[in-house]
1. Going through the cross-link list Lys3/Lys83; Lys26/Lys125; Lys3/Lys117, which pairs have a Cα-Cα distance over 21 Å in this structure?
2. What net charge do the residues around Asn93 carry, taking every other residue with its C-beta under 15 Å from that of Asn93, with Lys and Arg at +1 and Asp and Glu at -1?
3. Quick check on the exposure proxy: order Cys76, Cys19 from fewest to most C-beta atoms within 10 angstrom.
Amino acid sequence: MTKYIGIPYLDKGRTFAGCDCYGLVKLYYKNELNIDIPEVNTGAETPRRTLAVYLEQISKNWRETTPQKNAVVAMCLNAEHPKIVTHFGVMLNDKTMLHSYENAHSHIIDIEHPTVKNQIKGFYKWHF
């Protein structure tokens, strides 16, 4: 998994040269699971998106799950809009996730860490 650590944050990026949070999830899913998850506009373009609307937009193939390897983590990091999903990560096991955000390279964090614990809204796996 070290190949995913330290990837520079790049808004709308989708490669090892740079990616945003959703780009990192797409990159991981493609390289580790050989799954091309759908593209979606995230963040400010759709400021009233809720988790349900987001999941409907990208695919009906996401199913809620528990924290486990390869699950996508959906988070609400905007304190002004606590119900709007604005951030994603991918679980590396049942306790840690890989994620990337503005002003920070991709890194691993424990899902119990205070900066993310209360912002997690769900865990999702791709099902065919």
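1. Lys3/Lys83; Lys3/Lys117
2. Charge balance in the 15 Å sphere: -1.
3. Cys76, Cys19
Each reported figure results from applying straightforward, stated rules to the coordinates on display, with no laboratory input. For clarity, every value in this text was computed on a predicted model and none was experimentally measured. Cβ sites come from the backbone with ideal geometry, for glycine too, and all protein chains shown count toward neighbours.
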